[in-house]
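Down below is the structure, laid out as structure tokens.
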Amino acid sequence: MNTAVLAQMELFSGLDQEEIGRVLACLNAHTRSYQRGEVICPMGQPTDYIGLVLKGTILVEYQDAWGKRSLLTPVGMGKTFSEVFAFIPDESLPVSVVAASNCRVLRMQAGRLTQVCRQACTCHNQLISNLLRIMSQRSIDLMRRVFHTSHRTIRARLMSYLSLEAIKAGSRTFTIPYNRQQLADYLGVDRSALSNELGKMRREGLLETTKNQFKLSENVEVPGE
């Protein structure tokens, strides 16, 4: 396993390659490859491992009893998934984790992270600290999504989301991590209705957009400017 690459990822921040090698052994870590569309973590089943995307992209999605899928979030290279549920092994996953492309995943047993290490690895504390920071950021992201989707109209949801993305980018021109279907799922709206609203906003001169790139007009107020 390429520990030099892992050292660049947020989960292993503050650890050198030797420490990463030791902690991977402690967590019984192993890699597995998945084909596009393959289910990595099925909905309704528990999991006891933390996943880290080494290559490709995965999707966390929800499917209701009628088969309708809703995207919760894409997870790219260097990002973790299933860590919230891995520490509660009796809790069934309310979502599915699916490979959006051919990908490779590092799996680490969560239970071993909270146990006293037989080798007395001091790097466990650093890894726990990194994981807590990642989980805190996920909570913030969830709070933001709740705020965006609390608006009643599609335009209000779009403006809420796009304004925040402009603030995060420090520019009125920015790129979002979603295609149209994924953005519609994220905002909890119909894709056709979303596309229609974006078309209206373009014609009104409120924004310009090409695929997942956006530029907000000077007529749009961006908080903090």
- Task: Identify, among Y62, S136, N179, the residue whose Cα sits farthest towards the positive end of the charge dipole of the chain, taking +1 on the Cβ of Lys and Arg and -1 on the Cβ of Asp and Glu, with the dipole about the Cα centre.
- Result: N179
- Item | Long-range tail of P(r) for segment 98-183 (Cα pairs > 20 Å, %) | 58
- Against the globular-protein guess of 2.2 N^0.38 Å, express the Cα radius of gyration of segment 151-216 as a ratio, rounded to two decimals. 1.00
- Give, rounded to the nearest 20 debye, the magnitude of the charge dipole that segment 8-122 has about its Cα centre when Lys and Arg contribute +1 at Cβ and Asp and Glu contribute -1 at Cβ. 340
- Note on the structure: Under the Karplus relation with 6.51, -1.76 and 1.60 and θ = phi - 60°, whole-Hz ³J(HN,Hα) for segment 178-189, x at Gly and Pro, equal 10, 7, 4, 5, 5, 5, 4, 5, 4, 8, x, 10
- Item | Average Cα contact separation per residue, the chain, under 8 Å, 6 or more apart, as relative contact order % | 20
- Task: Order by neighbour count: D48, D90, D16, fewest other Cβ atoms within 10 Å first, most last.
- Result: D90, D16, D48
- Rounded to whole Hz and in sequence order, give me ³J(HN,Hα) for segment 147-163 from the Karplus expression 6.51 cos²θ - 1.76 cosθ + 1.60, θ = phi - 60°, writing x for Gly and Pro. 5, 4, 7, 6, 6, 7, 9, 5, 4, 5, 5, 4, 5, 4, 5, 5, 4
- Average the reciprocal distances over every distinct pair of alpha-carbons in segment 3-146, invert the result, and give the Kirkwood radius in Å. 15.7
- Item | Cα-centre dipole for segment 89-221 with unit charges at Cβ (Lys and Arg positive, Asp and Glu negative), debye to 20 | 240
- Using unit Cβ charges (K, R positive; D, E negative) and no other charged atoms, how large, in debye to the nearest 20, is the dipole of the chain about its Cα centre? 480
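Every number in this text was worked out from the coordinates using simple rules, so none of it is lab data. As the structure is a prediction and not an experimental result, all values here were calculated from the model. When we count neighbours, we look across all protein chains shown, and the Cβ atoms used for this are built from the backbone with ideal geometry, even at glycine.
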